[in-house]
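See below for the structure under consideration.
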Amino acid sequence: MKLGINGLGRIGKLSLWHHVSRQYFPEIVINLGRDVGSGLQDIAAYIEKDSSFGRMSTYLHGHKGGRCIENLNEESGTMTINGVPVKFLRTSRNPKDISWKDQGVRLVADTTGVFKDPTADSGDARGSIRGHLEAGAEKVLLSAPFKIKSKGIDMPDDSITTVMGINDDDYEHSKHKLISAASCTTTCLSYMIKPLMDRFGADRMLSASMVTVHAATGSQQVLDRLPGKGATDLRKNRSILNNIILTTTGAAKALGLVIPEMKSIGFIAESVRVPTSTGSLIVLVLNLQDDLENPVKRDLVNSIYKEYAQNSPYLIYSEEQNVSSDIIGTPEAAAIIESTETHTRTATIGVNLDKVKSCNFTPGEAPPVLEIPVTQAVIYGWYDNELGSYTNMLGDLTVSVAEKML
C-alpha cells in the first residue's frame, strides 16, 4: 500500500521522516501542489535539513550516517529516501484534483492544516478534505482537529477524532472515512486527564483548567506586520521572536471528542505562545471533591501516572528536572509528566445553600453553609509538539488505519 501525504510543512515533512524510517509503506506520494525552488534538488535539501531536529541522515542513522537521498529524477518527480521511493506531485492544490487514483494511493494524510471541515462539500472551489475521497482515496487522516464552520451542524457519521491509546478503538473501518488525529495539545492533555479519570471518575472532578505554554508555529509572524482587513486579534501579527503572545486553543473542545466524560466537567483551556521552535508544556489544574480523612496527596497523583506509564507506550513518568529542550525528539511521548512539580492542596470550601436554586428555606431563617473538602492538583506535562510527540503518534495511527485496509 502506498501512502499519500498532502503538504510538506512542519508535520508533512516530519511525517515523511517518520515513514521513511519506519518503512511500513513501500512507496510514498507527496502532493506539493506547486513548483518549489528550482526543482527536486531544492526539495531534497529542504527535506534533509531541519533547524529544530538537525539532518535527516543523523536522525535515521546517527552521527555516522551519510546522505540518504538518492536517485533524483526531475522528469518523473521521484527520488529515493532511505531506500523508499518517493514521488512528488506539483500540479494541484485542491484535494479533488490531486491524482491519488492514478498514483494508486488509497490512504492519505492531509497535513496542510487548511482543509478541516468534514461537512464541506468535495466540490468546494476552495477545497475540502472530502475532495481526497473524490480523487480516489478511501481513507483520509487529518493532522489537526476538525473544525465545522457552520453552526448547528453535527459531526458527520463517517468522521471521527482519535488519539492513539485513548480512543482509537472507537474507529470503525467500515464506517469512518475521515479520521482526525486531534492536535498535539489535545494528545498531551488526553494522557494527562485519562489516568486521573480512570482512578477518580468524572463525578469527583468538579472543574479543570489548563494553559499550554506552546512553541511557535508556522502561522505566526517573524517580524511585526500590518493586520489583515477585519482582523480582531492584533497579537497574531506581532513578532514571535520577541514576544510571549496570548492566544487561544481548541484543546478543550477536542478533548470532549476523545474523552466524552469531559463534557460534563467545567473546563477552560488557554494558550501562550513563546519564542522556541518546538517543545511545549501543559499546566493542568484540577479540582477534586475529596475526603478530609484521606485526602488526595501529591504522592498518590504521581503514583497514578507512574503506574499508567508502565502500561502505556505513550506516557512517560519522569522524576528528573527537565527543561523544554530535554524532551525534543522523545519518541512517541504524548506526555512526559514532570513529577517533581506535581502539587496538591486540600481545603474546605463553604457553600451557602441560599445561593443554590434547588434549596428552599423559611423566610428569616439563616441558611446552612455546606462544608465541602476540595483538593486542587497542579500537574505539569511536557510534549514535543512536532516530531517526538505528535508526528510519531500520527504515524502510529496511520499504520493502524492502513492495517485494517489490507
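The values are calculated or read from the model by the stated rules, or taken from the named source; none is laboratory data. Every value quoted in this text rests on a predicted model; they were computed, and no experiment measured them. Note: ideal-geometry Cβ built from the backbone for every residue, glycine included; neighbour counts use all protein chains shown.
Just so you know, in segment 69-97 the residues that are without any contact (Cβ under 8 Å) to a residue 24 or more places away in the chain and assigned to a loop (DSSP other than H, G, I, E, B) include one that is surrounded by the fewest Cβ atoms within 10 Å (Cβ to Cβ), and it is Glu75.
Given the criteria under 30 Å from Met1 (Cα atoms), free of Cβ contacts under 8 Å to residues at least 60 places away in the same chain and outside the structural domain of Gly9 (by TED's automatic domain parsing), does Thr391 qualify? The answer is no for Thr391. Of all residues in segment 364-386, those satisfying the criterion of being aliphatic (A, V, I, L, M) and touching a residue at least 12 places away in the same chain (Cβ under 8 Å) are Val369, Leu370, Ile372, Val374, Ala377, Val378, Ile379.
Residues of segment 362-392 being in a helix (DSSP H, G or I) and surrounded by fewer than 24 Cβ atoms within 10 Å (Cβ to Cβ), which ones? Result: no residue meets the conditions. Of all the residues that make up segment 42-73, how many are closer than 17 Å to Asn31 by Cβ and touching a helix residue (DSSP H, G or I) at 6+ places or on another chain (Cβ under 7 Å)? The qualifying residues number 1. Scanning segment 155-166 for residues that are more than 10 Å from Thr187 (Cβ to Cβ) and either of a type in the set (Gly, Ala, Ser) or modelled with pLDDT under 95 (or both) yields a single hit, Ser159. Counting the residues of segment 106-119 that are touching a helix residue (DSSP H, G or I) at 6+ places or on another chain (Cβ under 9 Å) and either buried (at least 19 other Cβ atoms within 10 Å of the Cβ) or among the small types (Gly, Ala, Ser) (or both) gives 8. Scanning segment 291-307 for residues that are in contact with a strand residue (DSSP E or B) (Cβ under 7 Å, 6 or more places away or on another chain) and either of a type in the set (A, V, I, L, M, F, W, C) or surrounded by fewer than 19 Cβ atoms within 10 Å (Cβ to Cβ) (or both) returns Asp291, Leu292, Pro295, Val296, Lys297, Arg298, Val301, Lys306. Scanning segment 192-222 for residues that are part of a helix (DSSP H, G or I) and exposed (fewer than 15 other Cβ atoms within 10 Å of the Cβ) returns Asp198, Ala202, Asp203.
Annotation: of all residues in segment 143-180 being more than 14 Å from Thr119 (Cα to Cα) and either in the same structural domain as Ile259 (by TED's automatic domain parsing) or without any contact (Cβ under 8 Å) to a residue 40 or more places away in the chain (or both), the one that is surrounded by the fewest Cβ atoms within 10 Å (Cβ to Cβ) is Ser174. For segment 275-282, the criterion of being closer than 20 Å to Lys147 by Cα, in contact with a strand residue (DSSP E or B) (Cβ under 7 Å, 6 or more places away or on another chain) and assigned by TED's automatic domain parsing to the domain that holds Ala334 is satisfied by no residue at all.
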